[in-house]
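What follows is a single structure, written as C-alpha cells, with notes after it.
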Amino acid sequence: MEMIKVKAVVIAETKFGENDKLLTLFTDTLGAINVSAKGATSRHNNLKSATRFFCYGDFVLYDKKNGYYTISEVSPITDFMGLSKDVDRLCVASELVKFIKFSSVENEESKQMQRLLLNSLHFLANTDKNINLVRCIFYIKALFYMGIPPVMEECAICGGIEDLYCFAPEEGGAICSLCRDSVGYKIPMEKAVREFIAFVLNYPEENSFGIVAENALYEQIVQTLKIFLKTHLSYDI
Ligand SMILES: [Zn+2]
C-alpha cells in the first residue's frame with residue numbers, strides 16, 4: 001500500500017455515515033484533494049480534533065479510491081482556534097478558503113498559495129490585524145502567484161507612467177489619461193490605491209502584512225480587486 005505524506009489545511013468537512021467525515025484538504029504538493037477520515041466524528045478517535053475546518057497538519061494518506069484518499073494518521077500543527085472568538089474574522093477566513101477552493105486544482109503543486117493561506121489565517125486568528133488589510137494582501141498575492149497580477153506601475157495600454165488615475169479591468173490594470181477615452185469600462189482610481197497594490201505585488205509576502213493604512217483605503221482596494229477578479233476569473237468575492 002503506497003503512503004503519501006502531505007502538509008495540508010482542512011478547507012471543507014462533511015459528516016458521512018455513522019462516524020466518518022469527508023474532507024477537502026489543501027495540500028502543499030497535490031493541490032486540493034478529497035479524503036475520507038474514518039471514525040473522525042467518534043468521540044474517542046484522535047482524528048476528531050485534527051480534521052476540523054481550518055486545521056493544519058502533517059497528513060499520511062493511502063489508497064485513492066473513487067476519487068478519495070483515506071487518512072492513515074495526522075500530526076496536528078495548528079488549529080487556528082482563535083478564529084472562533086470573533087465572527088467577523090471567522091467570516092473573512094471562510095471567504096479566503098472559498099477562493100482557495102475555487103482556484104486550486106488537484107495534483108498541482110501549491111506551496112506558495114498554501115503559505116499565503118496559512119499566513120492569512122495566522123494574522124486573522126492570532127493577531128488583531130485589520131481584516132480588510134488581510135483580505136487585500138491575500139487577493140493581491142494570490143493574483144501574483146496565479147500569474148495574473150494587475151498592471152499597476154504603468155499604463156496597461158501604452159506603458160506610460162504619468163497620470164494613472166483610472167483602472168480598466170479588461171485592459172489589465174491602470175490606464176493613463178491619454179488612453180482613458182479609448183477604453184470602455186473603467187473606474188477612477190486614487191493614487192494611494194494604485195501604489196498600495198503595486199507595492200504589495202513587489203514586496204515579500206511576510207512583510208506585506210506589516211503595512212498600515214486607513215481602513216477606508218483597504219475597502220477601496222478590495223473593491224478594485226473585486227472588479228478585477230470578476231473580469232478575469234468570473235469570481236465573486
Ligand atoms: Zn496609456
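The values are calculated or read from the model by the stated rules, or taken from the named source; none is laboratory data. Here the structure is a predicted model, which is why all the values come from computation and not from measurement. Backbone-built Cβ (ideal geometry, glycine too); neighbour counts: all protein chains shown.
Do you know which residues across segment 55-95 are in contact with a strand residue (DSSP E or B) (Cβ under 6 Å, 6 or more places away or on another chain), more than 22 Å from N119 (Cβ to Cβ) and not β-branched (V, I, T)?
Start the filter on segment 55-95 by keeping residues that are in contact with a strand residue (DSSP E or B) (Cβ under 6 Å, 6 or more places away or on another chain), which leaves 55-63, 67-78.
Add one more test, that the residue is more than 22 Å from N119 (Cβ to Cβ), and what stays is 60-63, 67-73.
Of everything in segment 55-95, those that are in contact with a strand residue (DSSP E or B) (Cβ under 6 Å, 6 or more places away or on another chain), more than 22 Å from N119 (Cβ to Cβ) and not β-branched (V, I, T) turn out to be L61, Y62, D63, G67, Y68, Y69, S72, E73.
Out of (1) assigned to a loop (DSSP other than H, G, I, E, B); (2) of a type outside the set (A, V, I, L, M, F, W, C); (3) crowded, with 17+ Cβ neighbours inside 10 Å, what's the single condition that is false for Y139?
(1)
How about segment 165-174: which of its residues are under 16 Å from Q223 (Cβ atoms) and in a loop (DSSP other than H, G, I, E, B)?
Y165, P169 - these are the residues of segment 165-174 that are under 16 Å from Q223 (Cβ atoms) and in a loop (DSSP other than H, G, I, E, B).
Which of the numbered conditions does N207 fail, given that it passes all the others? Conditions: (1) surrounded by 13 or more Cβ atoms within 10 Å (Cβ to Cβ); (2) at pLDDT below 95.
Condition not satisfied by N207: (1).
Would you pick out the residues in segment 5-15 that are at pLDDT below 95 and either out of contact with any Ser or Thr (no Cβ under 7 Å at 6 or more places or on another chain) or buried (at least 18 other Cβ atoms within 10 Å of the Cβ) (or both)?
If the condition is that a residue be at pLDDT below 95 and either out of contact with any Ser or Thr (no Cβ under 7 Å at 6 or more places or on another chain) or buried (at least 18 other Cβ atoms within 10 Å of the Cβ) (or both), then E13, T14 are the ones that fit.
Would you mention how many residues in segment 103-139 are of a type in the set (F, W, Y) and in contact (Cβ under 8 Å) with a residue 60 or more places away in the chain?
2
For segment 198-218, name all the residues that are within 18 Å of P149 (Cβ to Cβ), without any contact (Cβ under 8 Å) to a residue 40 or more places away in the chain and assigned to a loop (DSSP other than H, G, I, E, B).
Y203, P204, listed by residue number.
What number of residues within segment 146-162 are surrounded by 15 or more Cβ atoms within 10 Å (Cβ to Cβ) and within 11 Å of the ligand (Cβ to nearest atom)? Walk me through how you get there before you give the answer.
Our first condition is that a residue be surrounded by 15 or more Cβ atoms within 10 Å (Cβ to Cβ); within segment 146-162, this holds for 149-157, 160.
Narrowing the set further to residues that are within 11 Å of the ligand (Cβ to nearest atom) leaves 151, 154-157, 160.
Residues that pass the stated criteria total 6.
Let's see how each residue does on (1) acidic (D, E); (2) in contact with a Leu (Cβ under 6 Å, 6 or more places away or on another chain); (3) over 11 Å from A8 (Cβ atoms):
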residue	(1), (2), (3)
L23	no, no, no
I33	no, yes, no
H44	no, no, yes
L47	no, no, yes
A50	no, no, no
C55	no, no, no
Y62	no, no, yes
K65	no, no, yes
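Enumerate the pairs (first residue in segment 140-155 and in contact (Cβ under 8 Å) with a residue 12 or more places away in the chain; second residue anywhere and part of a strand (DSSP E or B) and within 15 Å of the ligand (Cβ to nearest atom)) with beta-carbon separation below 6 Å, excluding pairs fewer than 6 apart on the same chain, so at least 6 apart or on different chains.
Partner pairs satisfying both residue conditions: P150/G173; V151/G173; M152/G173; M152/A174; C155/I175.
Out of D58, D20, report the one residue that is of a type outside the set (S, T, N, Q) and more than 21 Å from V105 (Cα to Cα).
On the way: D58 fails: more than 21 Å from V105 (Cα to Cα).
Among D58, D20, only D20 is of a type outside the set (S, T, N, Q) and more than 21 Å from V105 (Cα to Cα).
Each row is one residue, and each column tells you yes or no for (1) at pLDDT 95 or above; (2) out of contact with any Pro (no Cβ under 8 Å at 6 or more places or on another chain).
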site	(1), (2)
F59	yes, yes
G67	no, yes
E73	no, yes
V92	yes, yes
K101	yes, yes
A125	yes, yes
I131	yes, yes
I137	yes, yes
I140	yes, no
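Restricting attention to segment 163-202, report how many residues are of a type in the set (G, A, S) and more than 9 Å from the ligand (Cβ to nearest atom).
Let us first name the residues in segment 163-202 that are of a type in the set (G, A, S), namely 168, 172-174, 177, 182, 184, 192, 198.
Now drop any that are not more than 9 Å from the ligand (Cβ to nearest atom), which leaves 168, 172-173, 184, 192, 198.
Going through segment 163-202 one residue at a time, the tally reaches 6.
Give me the pairs: first residue in segment 175-197 and assigned to a helix (DSSP H, G or I), second residue of a type in the set (S, T, N, Q), beta-carbon distance under 7 Å, and six or more apart or on different chains, which are they?
Close Cβ pairs satisfying both conditions: V193/Q220; V193/T224.
With the structure loaded, tell me whether I100 is outside any helix (DSSP H, G or I), farther than 20 Å from V212 by Cβ and among the hydrophobic types (A, V, I, L, M, F, W, C) or whether it fails that test. Before you say what the answer is, go through the steps one by one.
Values: outside any helix (DSSP H, G or I): no; farther than 20 Å from V212 by Cβ: yes; among the hydrophobic types (A, V, I, L, M, F, W, C): yes.
Spelling it out, it is not the case that I100 is outside any helix (DSSP H, G or I), farther than 20 Å from V212 by Cβ and among the hydrophobic types (A, V, I, L, M, F, W, C).
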